[in-house]
Structures are given as C-alpha cells and as structure tokens.
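Written below as structure tokens is the structure these notes are about.
The values are calculated or read from the model by the stated rules, or taken from the named source; none is laboratory data. It should be emphasised that the depicted structure is a prediction, and the values quoted were computed from it without experimental measurement. A quick note on method: Cβ atoms are made from the backbone with ideal geometry, for glycine too, and the neighbour counts reach across all protein chains shown. Surface areas here come from the heavy atoms of the whole protein model, side chains and all, with no ligands, DNA or RNA. Shrake-Rupley method; radii C 1.70, N 1.55, O 1.52, S 1.80 Å.
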Amino acid sequence: MPKPDCKYWDKCYQRNEIHLQKYNHPETRGDKIANEETQSSTESEASDHKSKNFQDADNIPDKYETASLREEAMAKLSGKNYMARLQNRIKLSEQKEYDNLVQSNEFIRHKFLVEMPPDFYDFWKFLQQLNPKQNGQEILLYMEKQFQLQLVGPFEFIAGKFQKAKIREPGDYLRHWRFFYDPPEFQTVFVRKSTEIHYGYWRDSPKENDNLLLARNDSRKNCEFVFIAGNIFEAFLYYLDRDFTPTPFTATMVATTKKALQKFAEVHDIALDNLEKLRKKRNSKVVCKTFHRAGIVVPYDRKTQVGYRPLIESDSELKKILQIFETVDGETSDPDDRIKTSVMEKLNPIAVAANIAVDECDFGTALELGIDLFCSGHKELHMLIQTLLVQAYSLLHRPQFIAIAKAHLERRNHVNLSIFDLDN
C-alpha cells in the first residue's frame, strides 16, 4: 500500500524517522532532512552543551503535528526553570530602571505624576542651609523632632528615603500620604505629627508646576480645604503661627528659624505675600464651590456658557440625600441594600443629568458631582464616583488625575498612609 502524502508537504517540520517513513515528502525536503541528520551526527560531540530540552524537542511524538501542539510540548519540556529565569530577568530589569530613575527628579513625575514648583526646591535649599551639617534624612528627622512637622511625599524622595526602598506597585506611590478626603488636585507635603492636619500643593491641572496655592485640611474633622499660602515658605510660617504648639524651650528656636527664612526669601527674591494675589486669580476661574469648598476650575466660555452648568439639585438637597446613609445618632453605619437602593434611586436623575451635560460639552458638571460624592466619604458610592471622575478628567485632558483617583478609591484609609508603612 503506497504511503500517503504528508498534509504539510514542503512545510513539514518533522524530522524523526518514524514520521518520514510513514508519509511522503518532496524530494528536496527529504534530501535536506537527510543532510541535516548527517551533519547532526558528525557534530554531536560539539553540541553536548545544548540543553536537554532542545535535544528532546527532536523526539516529540508524531501526534504533535500542529504548530500549537508543538509549542505546548516545548513549554512542558522547558518547564519551571524557563519561567523562573524569565521572572528573574524581569525583576533585575525593573530594579535597574528604578535605580536609574531614583537618581533624578524624574522620579517625582513618574511616581507621583506631577512636577514640583520652584519654591519646593528653594525651600529644601533653605533647610539645607539651616542645617548644613545634616544629610537629607537627618533634616527630615530634625523638622519632625523640633517642629512636630513631617515633610513627606516629594520631600522624602529628595532626602534620599526612596533610594534603597522596596519597589512597589504604581498605585502605592499615588496613595502615598493621600489622606481620606484628598481629591486628585491635592498633593500633601507637610503633616502635623500624630494628627491628620496636613498641608499640600493644589493643582487644577496636573501639568501646573508654578505659582501654586497651598491648602490645609484636617481629615479627622471634615472634607473642607482652606487655601493658606501662595508658596511653601508662607505655608511653613502659617504652620508655625497656627498649628505648631510652642513651649518656653522652643520660642527662641522658632524666632531664629523665622528670621533665617525671611532673610533667605529676601536674598532669593521670594515673595511672602503671594496668597491673596494667587487666590484672587484662581477665584476668577472657579465655576462652583463643591463640598470641599476649594471649588473646581474647568475651561468655561462665559459668553456661550459652555463648559459647566449647575447640578439639577442644590448642595443642600444633595447633602440631604447623602444623609440617608447616616444612622439616627449621626454615626456612619454599613447601610443595608434597601438604604443603598433608596440613595441610588435619588442620585440617579442627578447623575443622568450630569451625563447629558457632558454630552453637551459641560464637562465641569460631572466633575462637580464626582467630587461632591467623593467628599461624602461613602464607600458605597465609589463605583459611581469613579465613573464620573474618569469621564470628566478624560474630557478635560487630565489623565494623571484619573490614575490618582482610581488608586485612591481602591484603598482609601485614615491610617497607614505612608508607603514605608506597608507590609512587605
């Protein structure tokens, strides 16, 4: 009985004797295979260094006649050793990339998705001048010990604290010192030790990196932010006057530090009265206040009134709806499905109206509702909040805020806010 033709004909990859005897192949293919086998036998001693996996690949049984099955067989032969080597190479590559990145200020932009303004770096120079014999992390400890003030986030990077730190997933860097009510527009830099009083830069767009206002919030009390400074030097002076508790032993130190700061600012032409000017400029762009009282800024044409329209419910009515989540004694509980359904039924028309506004290019409306619901602090609304914020920030071309909002909503806490406090 004649041998059947191999269905792969000149495309056949099989090289074992059993297959060649069982099926017909083109003459040129057979000659080529024979020559390869002859050459292989004469060079067998020179090829002893090849892995057993590749030796075994030539003896894959006849049933592996398709490319996909052959790949599967090869995967089984290479097994765990190959995957382990691959994973190790990936880790080494990631570590090398991290080590290179941590040597430059690009680390801040890559990990925190923003760039720091000039006054931030000037303030660090002032601290180095104030403590010329101390290195970066020693300066952080000095500020914490003497002023009960933790310099966090980008200050920890510039002080070298991230140099030998464990590599974390991207969301951990975006959540680093992000307090419970911090919207994506806010970035913490000062924290009053053992409290939730914190100060930070405010950016209405993630690309803003100059002339930034600084705001203050105490997340133990509420979601409201107050603008307190036009640069970080003003913010530090505000802290010393309002949030630092002096003692007879610290009075001289505080006075000396204030005097040194004022001299540094004078020499480097740094204004210490920027607050009102920057706040007035920003207020002219604010389209609505929102629950956090800082307001939102979006492109808005006052002639055509395109860019923002008010929510269909007032702030007071929206707060009444959200109060359904609260128990009789005023403490937040875990609401049952009936309560959740009731709230969502009341919020749905407001959300639908915000979506219609977005369709008509009033992007600020969805942002306002998303921020207001975020400020309510109810985790049951996180899915709706994310939908609104992603939609708004996307159309406003603020993708960095999308990443920050998603990371924060994924793990939103009052405690363990530092990346250095995470479990290994």
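Within the set Lys303/Lys379; Lys111/Lys193; Lys133/Lys263; Lys91/Lys145; Lys161/Lys281, which residue pairs have Cα atoms separated by over 31 Å? Table pairs above 31 Å Cα-Cα are Lys303/Lys379; Lys91/Lys145; Lys161/Lys281.
Estimate the FRET efficiency between Asp172 and Asp210 by the formula 1/(1 + (r/R0)^6), using the beta-carbon distance for r and 45 Å for R0, to the nearest 0.05. Could you put the intermediate results ahead of the total?
Numbers: r = 28 Å, r/R0 = 0.62.
My answer for the efficiency is 0.95.
Could you tell me which trypsin sites (Lys or Arg not before Pro) in the range 190-264 are loop residues by DSSP with no more than 12 other beta carbons within 10 angstrom of their beta carbon? Passing both the DSSP loop test and the Cβ count: Lys193, Lys207, Arg220, Lys221.
Can you list the trypsin sites (Lys or Arg not before Pro) in the range 148-185 that are in a DSSP coil and have 11 or fewer other beta carbons within 10 angstrom? Answer by residue number: Lys164, Lys166. Counting only protein chain heavy atoms and rolling a 1.4 Å probe, the accessible areas of Leu174, Leu373 rank, largest first, as Leu174, Leu373.
Semi-axis lengths, largest first, of the ellipsoid equivalent to the range 201-284 are 25, 19, 9 Å, with √(5λ) applied to each eigenvalue of the Cα gyration tensor.
Could you give the distance between the Cα centres of the range 239-315 and the range 94-159, to the whole Å? Between the Cα centres of the range 239-315 and the range 94-159 lies a distance of 22 Å. In the range 103-119, which residues have a backbone nitrogen under 17 Å from the label point lying 7 Å from Glu410's Cα in the Cα-to-Cβ direction? So the set is 110-114.
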